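Quick one: the structure is below, and I'll ask about it shortly.
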Amino acid sequence: MTHAGQLPAEPVSVEFVSSAAREGAAGEVLLTVDDLNVWFGGRNGVHAVRGVSYEVRRGETLGIVGESGSGKSVTSMAVMGLLDKTARVTGSVQFKGSELLGLKDRGMSAVRGKKIAMIFQDPMTSLDPVYKIGQQIVETLRVHDKDISRKAARERAIDLLKIVGIPNPADRVDNYPHEFSGGMRQRVVIAIAMANNPDVIIADEPTTALDVTVQATVLEAIKAAQQETGAALVLITHDLGVIAGMAERVMVMYAGRAVEFGGVDDVFYRPRMPYTVGLLNSLPRLDVAEKERLTPILGTPPSLQNLPPGCPFGPRCPMHVAECNAAEPELRTVDGTMPHVAACIRAEELIGQDRYEAGQVFEATSADAGLAGELAAGALAADVSGASPDEPADEPPEPPVLGPPSGLGSPPVPHPPTDPTAPGHGAHE
Amino acid sequence: MTTPGTNAVAAPRVTGRSDDTLPVLRVTDLKKYFPIRSTILKRTLAQVQAVDGVSFDVYAGETLGLVGESGCGKSTTGRAVLNLQPATSGSVVFEGRELVGLSRRQMRPLRRHIQLVFQDPYASLDPRMQVSRIIAEPLVIHKLASGTELRRRVAELMKLVGLNPEHQMRYPHEFSGGQRQRIGIARALALEPRLLVLDEPVSALDVSIQAGVINLLDDLRHRLGLSYVFIAHDLSVVRHISDRVAVMYLGKIVETAPTDELFKRPAHPYTQALLSAIPLPDPARERTRQRVLLEGDLPSPVNPPSGCRFRTRCFKFSGQLNDEQRQKCINEEPLADNRDIGHPTACHYAAVQTVL
């Protein structure tokens with residue numbers, strides 16, 4: 001390993017908080033992230049990542065899922081050393097046992113793109129528009145391997161394009177990025193990522209900008225790249241369906257922390273953290289004939305500058321009790337076929353339930369946070385006073401609700417339809 | 001300028017019912033071409049055939065889902081229905097009135113009844129207007145309310161969409177994405193429309209928030225007897241909210257069916273590919289699923305393939321048909337016909353195949 005000499009002499013000692021698949025998975029541990037913290041904007045700034053730990057093994061796919069602002073992208077940017085200098089990063093990121101955090105840019109460059117490669121969300125911005133795609137792949141190859149000839153690098157570029165499924169790679173290698181469609185461009189990015197046979201590929205929302213049929217082919221290309229290189233894949237996405245099809249283990253993030261971590265079947269079929277339960281149940285189901293009302297998670301994610309006391313999911317959680325405010329729950333082992341941890345003091349109460357049974361704690365409401373808070377409290381009277389206790393901390397307290405929330409068949413329709421007896425309503429097949 | 005597409009065969013009507021009820025909206029052979037002009041000679045060099053002969057009906061209280069991938073013309077169809085972009089040809093009849101060819105002025109009184117909800121709740125609300133003004137604006141423009149009555153209506157509308165009326169003096173940036181989309185919906189409902197065109201109304205929202213907005217749209221439709229044209233690319237959302245679904249590909253509707261029928265018995269190869277590509281949040285099923293993968297890219301709508309527009313990416317065309325059968329795909333445009341399937345499918349070799 002060329003970069004080994006530049007590593008700090010004393011590696012930071014490692015303690016795993018969630019060494020999930022340590023027993024289960026085969027393959028050597030390639031990337032170990034331990035107690036990673038990221039702050040933006042000084043000590044009083046935003047604590048964007050709060051103690052994230054994971055490890056990935058060769059050939060394995062780890063899914064990281066979370067909604068916007070959950071810290072899933074910042075985590076991977078910190079691992080890659082791509083964050084701005086103003087960001088403060090603590091903890092440990094080890095590649096094959098050697099520490100990456102604190103490496104100077106030069107040392108990091110030897111790892112980045114060679115040992116650990118990254119696929120970004122937007123292929124429009126991750127390719128340089130003024131260079132032919134062949135040149136961009138060749139550059140990646142030659143930066144890390146000074147001995148490779150231009151001709152050999154070009155041959156390799158064509159091979160790579162073939163692996164990711166670009167038709168006529170020998171011709172297409174001389175095209176510019178604008179001559180490719182979005183899905184094709186993302187394949188080029190994948191080809192660049194796998195160019196140096198990396199040990200770890202981090203893919204951050206690799207298919208979010210793409211159409212669903214294109215997404216399917218790009219995911220196939222990522223699988224092909226993983227198979228070809230034997231790399232560990234860290235797949236970051238908000239799409240639970242993509243995780244279900246790609247990952248062996250899943251980490252669910254909320255408010256900058258892992259709140260549930262386990263084998264994909266355990267997390268998807270037997271979620272033990274109410275947030276995961278809510279997330280899975282807020283999706284429309286394609287597998288059942290009759291349509292059920294969806295169950296949203298009320299409210300909005302908390303501001304990272306002003307977290308609620310105790311559990312950050314507390315204000316939105318239908319299982320919230322007073323004890324939840326006492327302290328932020330640690331990840332604790334729950335049931336599962338693989339190591340499975342969840343950060344909820346009431347996780348045990350969910351044991352024995354599948355995701356739909358567990359999901360029944362969520363209300364199938366159409367109301368927004370403020371009104372729904374009242375709903376959950378059962379205080380539906382016309383004149384409710386006092387703010388809802390279930391308020392996200394970044395929102396000012398909600399004033400009293402003036403009337404019944406919408407959509408629950410409440411009597412006066414404040415806004416009558418032009419013709420309430422309009423024909424055909426509900427009479428379609 | 002030539003009248004484009006006059007020689008094309010009009011597709012048979014794609015309709016959800018056989019009785020005599022008149023639809024709220026009847027779109028017939030709608031076309032929207034965008035000219036590509038040369039900068040010097042101002043001559044039309046070519047036409048982008050964004051929407052090329054689309055026909056559908058929407059009945060009272062019904063939701064028609066319009067799905068397809070980027071560039072298939074679904075949003076352009078929505079805009080042409082609203083006459084925001086004048087149609088090139090065809091007919092859009094709303095409650096018995098022809099909208100194609102109406103001037104902006106003639107359109108204005110009708111705008112009350114057809115409203116649009118936009119995709120991006122960040123871009124569609126004026127950041128310098130308080131929410132009360134945003135929601136009141138349509139009422140003010142149409143001179144339908146003022147003073148106390150206006151304030152009362154705004155408060156009502158906010159309650160209707162699940163927002164707290166006491167927040168009406170706030171600005172859009174003080175609301176979350178889901179709340180902003182509710183403001184957009186309240187604004188669209190202010191004029192008591194009968195038809196809402198919803199263009200990707202939940203795509204910009206996180207899933208946990210999205211569910212609440214979908215429930216809201218469901219409730220409003222039932223309570224207010226609205227009809228929706230629901231444009232989206234997320235098929236699971238479309239399945240949840242729609243009564244019927246029309247699948248678009250490159251400016252044409254390739255298959256239409258009642259929602260359950262379409263998801264259970266898709267007959268057009270494109271629909272099958274689309275459905276098979278949906279990632280399901282179900283690991284065991286994902287592991288065993290067979291995907292129908294499409295080759296290549298969406299062809300340019302400037303110069304679409306002859307005959308069947310899907311043939312360049314069709315797995316049937318490339319893998320299952322013989323040369324003679326292929327000739328038909330190349331030479332003859334498939335019409336949206338029932339073909340013993342039970343619902344209109346624009347494919348010469350349509351066959352039901354369950355993929356979900």
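The values are calculated or read from the model by the stated rules, or taken from the named source; none is laboratory data. Since the structure is predicted, the reported quantities are computational estimates derived from the model, not experimental observations. Neighbour counts are summed over all protein chains in view; Cβ atoms, including those assigned to glycine, are modelled from backbone coordinates with ideal geometry.
Return yes when residue A:195 is buried (at least 24 other Cβ atoms within 10 Å of the Cβ) and not in a loop (DSSP other than H, G, I, E, B) and no when it is not.
The answer is no for residue A:195.
Identify, by number, the condition in (1) within 21 Å of the chain's Cα centre (by Cα); (2) under 20 Å from residue A:184 (Cα atoms) that residue B:255 doesn't meet.
(2)
Can you name the residue in region B:252-273 that is in contact with a helix residue (DSSP H, G or I) (Cβ under 6 Å, 6 or more places away or on another chain) and away from chain A (no Cβ under 13 Å) and is also nearest to residue B:52 (Cα to Cα) among such residues?
Looking at the filtered set, the residue picked out is B:254.
Just to check your reading of the model, which residue among B:147, B:101, B:96 is surrounded by fewer than 20 Cβ atoms within 10 Å (Cβ to Cβ), more than 25 Å from residue B:216 (Cα to Cα) and in contact (Cβ under 8 Å) with a residue 60 or more places away in the chain?
Testing whether each residue is surrounded by fewer than 20 Cβ atoms within 10 Å (Cβ to Cβ), more than 25 Å from residue B:216 (Cα to Cα) and in contact (Cβ under 8 Å) with a residue 60 or more places away in the chain leaves just B:96.
Does region B:253-275 contain at least one residue that is closer than 22 Å to residue A:294 by Cβ, among the acidic types (Asp, Glu) and not in a helix (DSSP H, G or I)?
no
Under the condition of being among the β-branched types (Val, Ile, Thr) and not in a loop (DSSP other than H, G, I, E, B), which residue from region B:323-355 is surrounded by the most Cβ atoms within 10 Å (Cβ to Cβ)?
Only one residue fits best here, namely B:345.
Additional query: Looking only at region B:195-210, decide whether some residue is within 20 Å of residue B:142 (Cβ to Cβ), in contact with a Lys or Arg (Cβ under 9 Å, 6 or more places away or on another chain) and either aromatic (Phe, Trp, Tyr) or more than 7 Å from chain A (Cβ to nearest Cβ) (or both).
Yes; the residues of region B:195-210 include at least one that is within 20 Å of residue B:142 (Cβ to Cβ), in contact with a Lys or Arg (Cβ under 9 Å, 6 or more places away or on another chain) and either aromatic (Phe, Trp, Tyr) or more than 7 Å from chain A (Cβ to nearest Cβ) (or both).
Next question, about the same structure. Tell me, which residue of region A:360-372 that is in contact with a Leu (Cβ under 7 Å, 6 or more places away or on another chain) and more than 7 Å from every other protein chain (Cβ to nearest Cβ) is modelled with the lowest pLDDT?
Applying the filter and picking the extreme gives A:372.
May I pose another question? Do you know which residues across region A:107-130 are part of a loop (DSSP other than H, G, I, E, B), surrounded by fewer than 20 Cβ atoms within 10 Å (Cβ to Cβ) and more than 23 Å from the chain's Cα centre (by Cα)?
Listed by number, the residues that qualify are A:128, A:129, A:130.
With the structure loaded, tell me whether residue A:279 is within 13 Å of chain B (Cβ to nearest Cβ) and at pLDDT 90 or above or whether it fails that test.
Yes, satisfied.
Another question, if that's okay. Inspect all residues belonging to region A:285-306 and state whether any of them is under 16 Å from the mean Cα position of the chain (by Cα), within 23 Å of residue B:213 (Cα to Cα) and within 12 Å of another protein chain (Cβ to nearest Cβ).
Among the residues of region A:285-306, at least one is under 16 Å from the mean Cα position of the chain (by Cα), within 23 Å of residue B:213 (Cα to Cα) and within 12 Å of another protein chain (Cβ to nearest Cβ), which makes the answer yes.
Going residue by residue through region A:70-91, is there one that turns out to be touching a residue at least 60 places away in the same chain (Cβ under 8 Å) and in a strand (DSSP E or B)?
Within region A:70-91, not a single residue is touching a residue at least 60 places away in the same chain (Cβ under 8 Å) and in a strand (DSSP E or B).
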